[in-house]
1. Residue check: is Pro60 within 22 Å of the chain's Cα centre (by Cα), within 25 Å of Gln189 (Cα to Cα) and not acidic (Asp, Glu)?
2. For the range 44-93, enumerate the residues that are among the charged types (D, E, K, R), closer than 17 Å to Ile259 by Cα and either surrounded by fewer than 17 Cβ atoms within 10 Å (Cβ to Cβ) or without any contact (Cβ under 8 Å) to a residue 40 or more places away in the chain (or both).
3. Applying the selection to the range 249-258, what residues are in contact with a helix residue (DSSP H, G or I) (Cβ under 9 Å, 6 or more places away or on another chain), surrounded by fewer than 24 Cβ atoms within 10 Å (Cβ to Cβ) and under 20 Å from Thr62 (Cβ atoms)?
4. Among the residues of the range 86-109, which ones are acidic (Asp, Glu) and under 24 Å from Lys243 (Cα atoms)?
5. Do the conditions hold for Arg68, that is, is it closer than 22 Å to Cys167 by Cα and of a type in the set (Lys, Arg)?
6. For residues in the range 185-210 being modelled with pLDDT under 95, among the small types (Gly, Ala, Ser) and touching a helix residue (DSSP H, G or I) at 6+ places or on another chain (Cβ under 9 Å), which is surrounded by the fewest Cβ atoms within 10 Å (Cβ to Cβ)?
7. Quick check on my filter: what residues within the range 211-248 are buried (at least 16 other Cβ atoms within 10 Å of the Cβ), among the polar types (S, T, N, Q) and assigned to a loop (DSSP other than H, G, I, E, B)?
8. When you go through Asp182, Asp177 one by one, which is the residue that is touching a Phe, Trp or Tyr at 6+ places or on another chain (Cβ under 8 Å), surrounded by fewer than 19 Cβ atoms within 10 Å (Cβ to Cβ) and of a type outside the set (S, T, N, Q)?
Amino acid sequence: MDSGGDIVKVAGIPARAAGLARRFGAAILDQLYPPVCLHCETAIAEADALCAKCFAQLRPITAPLCPRLGIPFEVALGPDAISAEAIADPPPFDRARSAVAYNDIARNLIGRLKYGDRPELARFCARLMAAAGHEFWEAGPVLVPVPLHRFRQFERRYNQSTELARCIARITGLKVDPVLVDRVKRTKQQVSLSAEQRQRNVAGAFAARSDALGRLNGRRVVIVDDVITTGSTVKAVTKALRKAGVAQIDVISFARVVIGQGLS
């Protein structure tokens, strides 16, 4: 930008003209491929969104909630109230937050993001996650997606947690480190496993880089995952980071299983 004007040039094209060109291109695409609801595929006005009916079926997780696990309380119990789950089994991470309770809508979105070759679904999920994790962002943490084993990532083509982390980063301006933690053991699919089996399945499955502390340079870590069921995966990732010396660790997910707010 020169001192005499307010037009920034990008690759020789004024920024205003570039913006108009992008909007024009988007309008053409909307005419050729009208945006549809991410769940029911009803026509909607904007891309990467749910229709009003489907959006109303999401169950956002908002205060009052457990400050450790992010589980919603039915009534406010005071700022220091901890859930029974957090008391009975204290998590290794500091705090966890999730955008929505895991129900049919959330399951469909996660399933298509994870297995349906639909990485663009991460944009919608990340918008809700960025709002749910607003307490975390002021500290300027590093976003660390739960890693896939390299063979599974080759099969799926991408890691859904990395897609979510990158979309959150674009919203918040944070940094993503997708290789801070490695999945060193190829584990079974968790879907059909009990809580105890899940814990055994991921035990020792993750390892943090030996230079993790240097890469972080004192910043917090926020682990990014698609869904928290029993918490076994994010706990295993947290333990790998703790072993490497990382002191401050939070967790953000799109959905989590909440007793009483499950699948219909």
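The values are calculated or read from the model by the stated rules, or taken from the named source; none is laboratory data. Computed from a predicted model, the values in this text were never measured in an experiment. Cβ atoms come from the backbone with ideal geometry, glycine included; neighbour counts cover every protein chain shown.
1. Numbers: within 22 Å of the chain's Cα centre (by Cα): yes; within 25 Å of Gln189 (Cα to Cα): no; not acidic (Asp, Glu): yes.
It is false that Pro60 is within 22 Å of the chain's Cα centre (by Cα), within 25 Å of Gln189 (Cα to Cα) and not acidic (Asp, Glu).
2. Taking the range 44-93 as the starting set, the residues that turn out to be among the charged types (D, E, K, R) are 46, 48, 53, 59, 68, 74, 80, 85, 89.
With closer than 17 Å to Ile259 by Cα added as a condition, the list becomes 59, 68, 74, 85, 89.
Across the range 44-93, the qualifying residues are Arg68, Glu74, Glu85, Asp89.
3. If the condition is that a residue be in contact with a helix residue (DSSP H, G or I) (Cβ under 9 Å, 6 or more places away or on another chain), surrounded by fewer than 24 Cβ atoms within 10 Å (Cβ to Cβ) and under 20 Å from Thr62 (Cβ atoms), then Asp250 is the only one that fits.
4. First, the residues of the range 86-109 that are acidic (Asp, Glu): 89, 94, 104.
Within the range 86-109, Asp89, Asp94 meet the criteria.
5. Numbers: closer than 22 Å to Cys167 by Cα: no; of a type in the set (Lys, Arg): yes.
Against the criterion (closer than 22 Å to Cys167 by Cα and of a type in the set (Lys, Arg)), Arg68 does not qualify.
6. Ala195
7. Answer for the range 211-248, where residues must be buried (at least 16 other Cβ atoms within 10 Å of the Cβ), among the polar types (S, T, N, Q) and assigned to a loop (DSSP other than H, G, I, E, B): Thr229, Thr230, Gln248.
8. Working: Asp177 fails: touching a Phe, Trp or Tyr at 6+ places or on another chain (Cβ under 8 Å).
After applying the criteria, what remains is Asp182.
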